[in-house]
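Right, one structure below, let's go through it.
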Amino acid sequence: MNIMCIINEPTAAAIAYGLDKKVTSTGGKNVLIFDLGGGTFDVSILKIEDEIFEMKAIAGDTHLGGEDFENRMVNHFVQEFEKKLKKDM
């Protein structure tokens, strides 16, 4: 096997989408894929035209993910509990 490059998850998802949908519309189709993982957030924007995938943009944040949302929710409900029941957690 000759590995030519490694791609991130949202890019792989966009390619799978394009191959599955067989996008052939005139002018192509712009596709936005985002991946909100447990600890990271990644976004890819591609243009798919006649089975050609042109990467327009890739971005991500390695410090934003599902765990961050969970932490914020826990903190919120702890504050609500302490405020309503006048108890310290």
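Evaluating Asp20 against the criteria (1) at pLDDT 85 or above; (2) exposed (fewer than 13 other Cβ atoms within 10 Å of the Cβ) leaves one unmet condition, (1).
Filtering region 8-17 to residues that are under 20 Å from Glu49 (Cα atoms) and either surrounded by 14 or more Cβ atoms within 10 Å (Cβ to Cβ) or touching a Leu at 6+ places or on another chain (Cβ under 6 Å) (or both) leaves Pro10, Thr11, Ala12, Ala13, Ala14, Ile15, Tyr17. On the stretch given as region 8-17, residues that are aliphatic (A, V, I, L, M), out of contact with any Ser or Thr (no Cβ under 7 Å at 6 or more places or on another chain) and within 12 Å of Val43 (Cα to Cα) total 2.
β-branched (Val, Ile, Thr), touching a Gly at 6+ places or on another chain (Cβ under 9 Å) and loosely packed, with under 11 Cβ neighbours inside 10 Å: is that true of Thr40 in this structure? If you could, list the steps in order and put the result at the bottom.
On the way: β-branched (Val, Ile, Thr): yes; touching a Gly at 6+ places or on another chain (Cβ under 9 Å): yes; loosely packed, with under 11 Cβ neighbours inside 10 Å: no.
Spelling it out, it is not the case that Thr40 is β-branched (Val, Ile, Thr), touching a Gly at 6+ places or on another chain (Cβ under 9 Å) and loosely packed, with under 11 Cβ neighbours inside 10 Å.
Among residues of region 44-59 being within 13 Å of the chain's Cα centre (by Cα) and surrounded by 17 or more Cβ atoms within 10 Å (Cβ to Cβ), the one that is nearest to Asn8 (Cα to Cα) is Ser44.
Taking the conditions exactly as written (modelled with pLDDT under 95 and more than 14 Å from the chain's Cα centre (by Cα)), does Asn71 satisfy them or not?
Working: modelled with pLDDT under 95: yes; more than 14 Å from the chain's Cα centre (by Cα): yes.
For Asn71, the condition - modelled with pLDDT under 95 and more than 14 Å from the chain's Cα centre (by Cα) - is met.
The values are calculated or read from the model by the stated rules, or taken from the named source; none is laboratory data. Small disclaimer: the values here were computed from a predicted structure and weren't measured. Here the Cβ is made from the backbone with ideal geometry for all residues, glycine too, and neighbour counts use every protein chain on show.
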